[in-house]
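Enquirer: Mind having a look at this structure? Questions to follow.
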2 protein chains.
Amino acid sequence: MRVLITGGAGFLGKRLANKLLQRGRLKDAAGRERTVEQLVLLDVVAAEGFADPRVKVVAGDICDTQLLNGIFDSGISSVFHLAAVVSGQAEADFDLGMRINLDASRQLLDVCRSSGRRPKVVFTSSVAVYGGALPDVVQDTTALNPQSSYGVQKAVGELLVKDYSRRGFIDGRVLRLPTISVRPGKPNKAASSFASGIIREPLQGEEAICPVSPETRLWLLSPRLAIESLIVGHELEAAALEGGRSINLPGVSVTVAEMVAALEKVAGPATVQRIRWQTDPMVERIVGSWPGRWDASRAEALGFSCDSDFEGIVRAYIEDDLPANQATEDRNTN
Amino acid sequence: MRVLITGGAGFLGKRLANKLLQRGRLKDAAGRERTVEQLVLLDVVAAEGFADPRVKVVAGDICDTQLLNGIFDSGISSVFHLAAVVSGQAEADFDLGMRINLDASRQLLDVCRSSGRRPKVVFTSSVAVYGGALPDVVQDTTALNPQSSYGVQKAVGELLVKDYSRRGFIDGRVLRLPTISVRPGKPNKAASSFASGIIREPLQGEEAICPVSPETRLWLLSPRLAIESLIVGHELEAAALEGGRSINLPGVSVTVAEMVAALEKVAGPATVQRIRWQTDPMVERIVGSWPGRWDASRAEALGFSCDSDFEGIVRAYIEDDLPANQATEDRNTN
């Protein structure tokens with residue numbers, strides 16, 4: 001089978017690609033195990049670091065329908081649609097967010113439909129589709145009420161995936177991801193960027209700004225389990241989707257203060273002193289509108305899992321991602 | 001002030017136009033009463049029957065951005081966006097539904113935004129945004145869960161109106177209308193067309209097909225009160241929208257059996273014998289997914305009202321719309 005990953009040069013895209021290459025197999029629409037023959041990584045820049053002959057790197061605009069049609073002509077039967085303009089950026093640049101998060105998703109669904117192959121489409125949604133007056137624990141029946149343009153665009157994507165699936169154009173599955181922490185690399189324009197930054201930067205000996213109050217509650221998932229969840233979501237059989245195509249994934253519910261305490265436990269007090277508290281009203285408004293916890297029992301019953309606690313997430317980050325010298329250096333300081 | 005009605009040649013559009021001409025005034029964004037200087041009626045066909053010099057009839061494609069921009073150049077500050085492909089047609093012709101109900105709405109919002117005038121936009125939504133397992137009485141907090149392409153397109157429109165309003169591009173108000181009954185004229189391609197047909201056709205001495213079971217429960221509003229509601233929705237002040245921009249309008253909850261009983265009471269047993277019961281699975285599936293009742297207390301508090309009962313709706317139809325000779329003829333037969 002041939003698989004497309006949009007946002008294939010991004011952090012999750014590359015990691016997912018490596019995992020799929022290592023795994024080598026995925027279930028097709030009929031639930032049969034198939035060999036992954038080709039993995040197309042589409043992104044605005046070329047995904048680097050792939051020597052595997054099964055990987056085809058495509059650098060181009062996801063809004064370019066001709067490009068997409070060309071990719072599908074080779075016989076794509078599964079799509080992981082990860083390409084997105086992140087929350088803070090979609091708020092700062094409305095047109096860009098609409099173009100990538102709404103128009104490109106719509107066009108991708110239309111290309112899937114034109115292919116006549118009814119591809120599996122794993123669509124990543126977000127905590128940002130919720131908002132307003134929320135119960136302490138969001139339920140599957142809680143109304144979507146996004147408070148940011150990003151959240152609106154994701155909610156629209158969910159509705160389209162659902163309808164395209166109902167009509168038999170695609171076989172869609174919407175995974176509502178918790179905030180991913182700890183993301184390696186540099187800060188990005190997500191309103192939640194700090195949820196990685198306040199761990200990652202101090203561990204590398206750098207200062208990090210925390211733009212929200214310590215009481216802010218977040219719903220988090222490590223990159224490791226996010227990748228695993230994408231694959232579990234792809235492998236779900238039709239019966240699993242009868243309860244609805246949108247699935248609230250398990251996560252860890254922690255306050256920012258608890259995150260900092262976990263970091264201190266793992267890396268010592270000198271590390272957490274590198275966090276500077278400086279409120280950013282835009283970030284506080286957006287992140288504050290997201291649920292800090294939702295009921296993930298349906299997802300758990302379907303085989304999704306999450307990290308056991310935030311301390312484990314910090315340790316996994318150090319193991320998987322922290323540049324070796326810095327981890328050592330940091331450990332030496334404690 | 002200048003006002004645009006999309007779908008201006010349609011049944012609701014023309015009626016709204018006449019009401020606005022008669023009324024002569026509307027509140028602007030600041031809540032000040034303004035004279036209606038011009039009423040632009042845009043539709044795919046020319047709206048007929050308007051001699052009033054304040055009316056400008058435009059026949060054209062609502063997806064034509066250049067046309068829309070031209071209309072807005074004259075200084076539109078209020079829009080009643082009624083143009084839509086109805087439920088049954090959007091289900092039968094997916095592309096047409098997406099083009100008119102989603103793309104055209106999106107483009108209209110963008111033109112409103114480009115105008116820089118932050119126009120008031122009254123967007124009509126529908127019972128069709130709800131579906132799935134519903135409580136007996138749908139609440140304002142009940143999640144949208146559309147089961148038809150029309151419902152999905154309306155739900156997307158709601159999300160966009162909300163975000164464009166939040167960002168200050170428009171001043172939007174979403175009115176979720178009950179099913180309108182009794183519509184005059186011919187049957188249309190709405191799945192709910194029968195909700196008017198089973199009253200209108202028998203009163204004119206013609207046979208009507210009822211494609212759903214007598215137990216089917218509907219949430220109904222007369223044309224008279226639908227028009228009144230559109231105006232109330234336009235006149236709402238900013239404070240009224242703090243509880244959310246989508247408003248579930250009051251209606252009358254009746255089963256089809258109760259509708260037929262009301263018709264019999266008004267027009268006699270010979271009339272209801274003109275109804276032929278013949279199930280249509282597509283109509284049953286779509287209409288059966290809609291709520292038969294919702295909590296409209298917020299709307300009532302904001303000044304919206306509905307008919308007192310279905311018998312009153314039938315009598316209003318006879319008064320307002322039934323061709324005089326037929327009403328007489330029909331009365332003579334009882």
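The values are calculated or read from the model by the stated rules, or taken from the named source; none is laboratory data. These figures come from a predicted structure and were not determined experimentally. Here the Cβ positions follow ideal geometry from the backbone for every residue, glycine too, while neighbour counts run over all protein chains shown.
A quick yes/no check of all residues on (1) modelled with pLDDT of 95 or more; (2) away from chain B (no Cβ under 14 Å):
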{"residue": "A:219", "(1), (2)": "yes, yes"}
{"residue": "A:236", "(1), (2)": "yes, yes"}
{"residue": "A:241", "(1), (2)": "no, no"}
{"residue": "A:260", "(1), (2)": "yes, yes"}
{"residue": "A:303", "(1), (2)": "yes, yes"}
{"residue": "A:321", "(1), (2)": "no, yes"}
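Enquirer: Go through the range A:112-133 and give me each residue that's assigned to a helix (DSSP H, G or I), surrounded by fewer than 23 Cβ atoms within 10 Å (Cβ to Cβ) and away from every other protein chain (no Cβ under 12 Å). Break it down stepwise before answering.
Expert: If we filter the range A:112-133 for residues that are assigned to a helix (DSSP H, G or I), which is where we start, we get A:112-115, A:127-129.
Filter once more, keeping what is surrounded by fewer than 23 Cβ atoms within 10 Å (Cβ to Cβ): A:113-115.
The one that is assigned to a helix (DSSP H, G or I), surrounded by fewer than 23 Cβ atoms within 10 Å (Cβ to Cβ) and away from every other protein chain (no Cβ under 12 Å): A:115.
Enquirer: Which residue out of B:161, B:212, B:156 is part of a helix (DSSP H, G or I), of a type in the set (Val, Ile, Thr) and in contact with a Phe, Trp or Tyr (Cβ under 8 Å, 6 or more places away or on another chain)? Even if it seems obvious, please write down each step before you answer.
Expert: Working: B:212 fails: part of a helix (DSSP H, G or I); B:156 fails: in contact with a Phe, Trp or Tyr (Cβ under 8 Å, 6 or more places away or on another chain).
Being part of a helix (DSSP H, G or I), of a type in the set (Val, Ile, Thr) and in contact with a Phe, Trp or Tyr (Cβ under 8 Å, 6 or more places away or on another chain) holds for just one of B:161, B:212, B:156, which is B:161.
Enquirer: Taking the stated definitions as given, is residue A:93 more than 10 Å from chain B (Cβ to nearest Cβ) and closer than 24 Å to residue B:245 by Cβ? Talk me through it step by step, then tell me what you get.
Expert: Details: more than 10 Å from chain B (Cβ to nearest Cβ): yes; closer than 24 Å to residue B:245 by Cβ: yes.
Yes: the conditions hold for residue A:93.
Enquirer: Quick one: residue A:138 ticks every box in (1) more than 7 Å from chain B (Cβ to nearest Cβ); (2) hydrophobic (A, V, I, L, M, F, W, C); (3) surrounded by 24 or more Cβ atoms within 10 Å (Cβ to Cβ) bar one, so which box is it?
Expert: Only one criterion in (1) more than 7 Å from chain B (Cβ to nearest Cβ); (2) hydrophobic (A, V, I, L, M, F, W, C); (3) surrounded by 24 or more Cβ atoms within 10 Å (Cβ to Cβ) is unmet by residue A:138, namely (3).
Enquirer: Listed residues B:106, B:118, B:167, B:176; which is on the phi > 0 side of the Ramachandran plot and in the same structural domain as residue B:79 (by TED's automatic domain parsing)? Steps first, answer last, please.
Expert: Numbers: B:106 fails: on the phi > 0 side of the Ramachandran plot; B:167 fails: on the phi > 0 side of the Ramachandran plot; B:176 fails: on the phi > 0 side of the Ramachandran plot.
Only one candidate passes the filter, namely B:118.
Enquirer: Here is a follow-up. Among the residues of the range A:53-60, is any touching a residue at least 40 places away in the same chain (Cβ under 8 Å), under 26 Å from residue A:176 (Cα atoms) and of a type in the set (A, V, I, L, M)?
Expert: Within the range A:53-60 (the criterion being touching a residue at least 40 places away in the same chain (Cβ under 8 Å), under 26 Å from residue A:176 (Cα atoms) and of a type in the set (A, V, I, L, M)), the answer is no, since none of the residues qualifies.
Enquirer: State which residue pairs qualify: first residue at the interface with chain A (Cβ under 10 Å from one of its Cβ atoms) and inside the range B:153-182, second residue at pLDDT below 95 in any location, beta carbons under 9 Å apart, and separation of 6 or more residues or different chains.
Expert: B:162/B:244
Enquirer: Considering (1) over 23 Å from residue B:237 (Cα atoms); (2) away from every other protein chain (no Cβ under 14 Å), say which one residue B:27 fails and leave the rest.
Expert: It fails just one condition, (1).
Enquirer: Within the range A:263-282, track down each residue that is modelled with pLDDT of 95 or more, over 12 Å from residue A:198 (Cα atoms) and of a type in the set (A, V, I, L, M, F, W, C).
Expert: Scanning the range A:263-282 gives A:266, A:267, A:270.
Enquirer: Of everything in the range B:71-98, what is closer than 16 Å to residue B:148 by Cβ and either surrounded by 23 or more Cβ atoms within 10 Å (Cβ to Cβ) or touching a residue at least 24 places away in the same chain (Cβ under 8 Å) (or both)? Give them in sequence order.
Expert: B:84, B:85, B:86, B:87, B:88, B:89, B:90, B:91, B:92, B:94, B:97, B:98
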